[in-house]
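Enquirer: Take a look at the following structure, please.
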Amino acid sequence: MPINRPLITDRDFQEAMERQLPVRVFQNDHLINSGATVIRFTDTDVIIQSKVSDLTYYSRKDCEFFEVR
């Protein structure tokens, strides 16, 4: 059974990015992305990559992020 860990702090995002673990992204309590990896983050945004050329930008304020182990 997978373990979901919330990604809240910069340290959480840095660890998820370094370990290349898949993440789930929720917005308004709806799952909007699953299985992609964090490739970059700022104070306001998180950039997720699901395929070689598929980058998606999400707002840290509007979305919730969970690491899946």
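What follows is calculated from the coordinates using simple rules that are stated; it is not laboratory data. Here the structure is a predicted model, which is why all the values come from computation and not from measurement. Here the Cβ is made from the backbone with ideal geometry for all residues, glycine too, and neighbour counts use every protein chain on show.
Enquirer: What ³J(HN,Hα) values, in whole Hz, does the Karplus curve 6.51 cos²θ - 1.76 cosθ + 1.60 give for region 53-61 when θ = phi - 60°, with x put for Gly and Pro?
Expert: Per residue, the Karplus-derived 3J(HN,Hα) values read 10, 10, 10, 10, 9, 10, 7, 5, 6 Hz.
Enquirer: Give me the dipole magnitude in Debye, nearest 20, for the chain about the Cα centre, with unit charges on the beta carbon: positive for Lys and Arg, negative for Asp and Glu.
Expert: Magnitude of the dipole: close to 200 debye.
Enquirer: Please list, in order along region 4-9, the HN-Hα scalar couplings obtained from phi with the Karplus expression 6.51 cos²θ - 1.76 cosθ + 1.60 (θ = phi - 60°), rounded to whole Hz, x for Gly and Pro.
Expert: Computed from phi, the couplings for region 4-9 are 9, 10, x, 9, 10, 8 Hz.
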